[in-house]
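Asker: Please see the structure below; I have some questions.
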2 protein chains.
Amino acid sequence: MPHGSDILLDLFVIFVAARVGAILARVLRLPEVVGEIAAGCVIGPSLLGWMAPSEPIEVLAEIGVVLLLFSVGLETRIDEMKRVGRSAFQVGVLGVAFPFVLGTLWAHGAGFGWDKSLFVAAAFVATSAGITARVLQELGVLQRQESRVILGAAVIDDILAMLLLGIVTALQAGEAIDVGQLALIVGEAVGFVLAIGLLGTRIARASTRRALPFSVGSPLSLALALCLGLAFLSTKFGLAAIIGAFLAGMLASETPQREELEHQTQPLLALMTPFFFVLTGAKIELAQLADTNTLLALATITAIALVSKLAGGFLGALALGRRSATIVGVGMMPRGEVGVVIASLGLAAGVFSARTYALIVAMSLLTSVITPPLLSFLFAREIKAKNDDLEQSG
Amino acid sequence: MPHGSDILLDLFVIFVAARVGAILARVLRLPEVVGEIAAGCVIGPSLLGWMAPSEPIEVLAEIGVVLLLFSVGLETRIDEMKRVGRSAFQVGVLGVAFPFVLGTLWAHGAGFGWDKSLFVAAAFVATSAGITARVLQELGVLQRQESRVILGAAVIDDILAMLLLGIVTALQAGEAIDVGQLALIVGEAVGFVLAIGLLGTRIARASTRRALPFSVGSPLSLALALCLGLAFLSTKFGLAAIIGAFLAGMLASETPQREELEHQTQPLLALMTPFFFVLTGAKIELAQLADTNTLLALATITAIALVSKLAGGFLGALALGRRSATIVGVGMMPRGEVGVVIASLGLAAGVFSARTYALIVAMSLLTSVITPPLLSFLFAREIKAKNDDLEQSG
């Protein structure tokens, strides 16, 4: 029967392009995710135009990144997260403060008024955990201390970014800042994360000891329901969906079905995550960046975005040693789709022009392409250095 | 960060409703799929209105049923399909002829002109393989002869339905029927199925013996690419996407990775198929059927649809014995989303009214709800009868 399903062609093209990109990346000794993003840029509207972002593909991408962070949560134990709590908190706070201050100064220098500069700077702030999480998973280093710190800091980062966005939006609208209201919003978000991270984990442990909820129906279906439910809830608390998905994964990792779930999540990632990374790449608008002035401006803001985040992350994690602190700083660098979302808000609110929008989007995506090879290189060095130390001491 | 993602709420509600429906169905000793369709009807616009069909959900549903038929193909060996070829062919042909003739007569009796009657009858014809495939998989009887015949007949059925739709559309537009053109279209579709079913299988066997294509990259990714690619291609040949997906599954089942793939497909089905069945249920418009006359008309056309398909399937498969022939006939009964698609075409072409459209849609969906319990009951009896025979003879 004829079904008019050219969406199937889109899905096929995206999926195959992602695989081809991943394989080429592997040949070039780059992380696969770089190949997938590059594939998106090539088949997207900028170059070949074989696919264009559409609502269904956005939804598939969202499901993909939600599942990705769920699976990362599955590999993360809450107790180990607590152990790195202080470092993660410092990285989260400094990793927001540095880019915000430097971003404000750059924007003011570029001619924006102070209140608009604060809005522009907000787009410099938020880390996109998806890219880094994927690289850490690909490298098989999710169990390392640096990875824990990065993931914990990403949660803090998301809460602070929400706070900042609330403040700069109010300033932009010329409203007085209602400190009580902001405190309430942040309090709710923190409460949500803590309630799930601490209380929820206890419930998960206790109830599975009595073989309760996870025995009704298949564990996978329950875990997926939990993942979708918490992903949605976290958007209701002003946080990214992936934060809720990550927490859901951590809850599920406290149940006896953890290994089974880890196994079953792999095919889901294989099907769904390509849509996220290809879509990320497809959003890079090369034509917007075709003149020298724009390229210079892009180089400047990308450098500011990278260095400020690296510095904040490095200082926050210095207690782990310089090598590890560098890894943490680099791991926090990608802005990815989060920067794109804030840039869209700024464009919609009339805070900045189409050119500034294109610049911020390009900067966000560029940080996402630059980070994975750096991270992969640093981890290789770090692992080698550890081995050398062991040999010397042994 | 704030992402405006109320689609996540939709996904959560659909997914949880499907699980609750499936569990309730199991308690009532009905196939789970009935519970999922019923859940869709309850949360859909007809009753609670917690979700409404939207483009992203349609796409998720399409991916779900494509993956379902892929996994059914994985459990189907081409050699076993060939063995039941003659029965499948007869079931396909008679299962199209009976509903088409009876549907035409009913429509003419109901006051349609002959050419419009033929169009209405086309909506009686096509079997939706998704519902039956899911029930057969749920019952664990995909390896049985009756299941092979049903699946083979579904392919024939789809080709003939395409042919019929081509003819009635031409008649409707007052065009002369271009026999050569129609023969070409059908020839292409048959060629596509044969090329993949026979030639493709040989290539799959030969190349995996030399460990070629399925060793580049993960087998799952390659299989998924094949599945999406053939699903798309089959729509280009005028066939349903699920036919291509089913063929892709049969190809993959000839590779040494078959068991691994069967395993990895399960989580994909758990995530994606609920969207298909819940959406099927959500499309049932109860309000359209609220008066006695409409209900009577619905009862009539549903009875015609069920009996004509049952008779055609039964006669076509009579060589397997009466019990098995009954199972085959019942297995061909669901019209599901295929009937809905043809009804939409008829509505768009102005061939029939909104009421006739609602009737045909309701009939299509009703056949999908009625079939699963019948099939489950018949297979239980059949299995019991076999066992009794064995005991008597033993």
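The values are calculated or read from the model by the stated rules, or taken from the named source; none is laboratory data. Here the structure is a predicted model, which means the values were calculated and not measured. We place every Cβ from the backbone using ideal geometry, glycine too, and count neighbours over all the protein chains shown.
Asker: Can you find even one residue in region B:259-276 that is within 11 Å of chain A (Cβ to nearest Cβ), in a loop (DSSP other than H, G, I, E, B) and of a type in the set (Ser, Thr, Tyr)?
Answerer: No - not one qualifying residue is present in region B:259-276.
Asker: Condition test on A:Ala133, is it out of contact with any strand residue (DSSP E or B) (no Cβ under 6 Å at 6 or more places or on another chain), under 21 Å from A:Ile37 (Cβ atoms) and modelled with pLDDT under 90?
Answerer: no
Asker: In region B:42-79, which residues are within 30 Å of B:Leu251 (Cα to Cα) and either exposed (fewer than 15 other Cβ atoms within 10 Å of the Cβ) or among the basic types (Lys, Arg) (or both)?
Answerer: Correct list: B:Arg77, B:Asp79.
Asker: Restricting attention to region B:241-274, and to residues there that are small (Gly, Ala, Ser) and touching a residue at least 12 places away in the same chain (Cβ under 8 Å), which single residue is nearest to B:Pro219 (Cα to Cα)?
Answerer: B:Ala252
Asker: Return yes when A:Ala107 is under 20 Å from A:Leu365 (Cβ atoms), part of a helix (DSSP H, G or I) and out of contact with any His (no Cβ under 6 Å at 6 or more places or on another chain) and no when it is not. Talk me through it step by step, then tell me what you get.
Answerer: Working: under 20 Å from A:Leu365 (Cβ atoms): yes; part of a helix (DSSP H, G or I): yes; out of contact with any His (no Cβ under 6 Å at 6 or more places or on another chain): yes.
Spelling it out, A:Ala107 is indeed under 20 Å from A:Leu365 (Cβ atoms), part of a helix (DSSP H, G or I) and out of contact with any His (no Cβ under 6 Å at 6 or more places or on another chain).
Asker: Sticking with this one: Of all residues being crowded, with 19+ Cβ neighbours inside 10 Å and β-branched (Val, Ile, Thr) in region B:1-25, which is modelled with the lowest pLDDT? Just the residue, please.
Answerer: The qualifying residue modelled with the lowest pLDDT is B:Ile7.
Asker: Taking B:Gly95, is it crowded, with 17+ Cβ neighbours inside 10 Å, in contact (Cβ under 8 Å) with a residue 60 or more places away in the chain, within 19 Å of B:Met332 (Cα to Cα) and among the small types (Gly, Ala, Ser)?
Answerer: Answer is yes for this residue.
Asker: Quick one: would you say A:Leu279 is surrounded by 23 or more Cβ atoms within 10 Å (Cβ to Cβ), modelled with pLDDT of 95 or more and within 30 Å of A:Leu47 (Cβ to Cβ)?
Answerer: So A:Leu279 does not fit the description; no.
Asker: Considering region A:136-170 alone, what residues qualify as being modelled with pLDDT of 85 or more and polar (S, T, N, Q)?
Answerer: Within region A:136-170, A:Gln137, A:Gln143, A:Gln145, A:Ser147 qualify.
Asker: Considering only residues of region B:217-237 that are outside any helix (DSSP H, G or I) and at the interface with chain A (Cβ under 7 Å from one of its Cβ atoms), which is modelled with the lowest pLDDT?
Answerer: If we filter region B:217-237 for residues that are outside any helix (DSSP H, G or I), which is where we start, we get B:217-218, B:237.
Retained after the next criterion (residues that are at the interface with chain A (Cβ under 7 Å from one of its Cβ atoms)): B:217-218.
Working: B:Gly217: 62, B:Ser218: 83.
Looking at residues that are outside any helix (DSSP H, G or I) and at the interface with chain A (Cβ under 7 Å from one of its Cβ atoms), I get B:Gly217.
Asker: Checking the condition more than 19 Å from A:Ala126 (Cα to Cα), out of contact with any Leu (no Cβ under 7 Å at 6 or more places or on another chain) and either among the hydroxyl-bearing types (Ser, Thr, Tyr) or more than 14 Å from chain B (Cβ to nearest Cβ) (or both), which residue from A:Ala297, A:Ala287 passes?
Answerer: A:Ala287
Asker: Of all residues in region B:306-341, how many are crowded, with 24+ Cβ neighbours inside 10 Å, modelled with pLDDT of 95 or more and farther than 17 Å from B:Gly152 by Cα?
Answerer: Number of matching residues: 1.
Asker: Okay, moving on. Could you tell me whether region B:205-214 includes any residue that is buried (at least 16 other Cβ atoms within 10 Å of the Cβ) and more than 19 Å from the chain's Cα centre (by Cα)?
Answerer: Within region B:205-214, one or more residues are buried (at least 16 other Cβ atoms within 10 Å of the Cβ) and more than 19 Å from the chain's Cα centre (by Cα).
Asker: Here is a follow-up. Condition first: within 14 Å of chain A (Cβ to nearest Cβ) and buried (at least 24 other Cβ atoms within 10 Å of the Cβ). Now tell me which residues in region B:122-154 satisfy that.
Answerer: Across region B:122-154, the qualifying residues are B:Ala122, B:Ala123, B:Phe124, B:Val125, B:Ala126, B:Thr127, B:Ser128, B:Ala129, B:Gly130, B:Ala154.
Asker: Give the residue, chosen from A:Ala173, A:Ala245, that is of a type in the set (A, V, I, L, M) and within 14 Å of another protein chain (Cβ to nearest Cβ). Break it down into steps so the answer makes sense when it comes.
Answerer: On the way: A:Ala173 fails: within 14 Å of another protein chain (Cβ to nearest Cβ).
Result of the check over A:Ala173, A:Ala245: A:Ala245.
Asker: While we're on this one: Outside any helix (DSSP H, G or I), surrounded by 18 or more Cβ atoms within 10 Å (Cβ to Cβ), more than 14 Å from chain A (Cβ to nearest Cβ) and over 15 Å from the mean Cα position of the chain (by Cα), is that true of B:Ser87?
Answerer: It is false that B:Ser87 is outside any helix (DSSP H, G or I), surrounded by 18 or more Cβ atoms within 10 Å (Cβ to Cβ), more than 14 Å from chain A (Cβ to nearest Cβ) and over 15 Å from the mean Cα position of the chain (by Cα).
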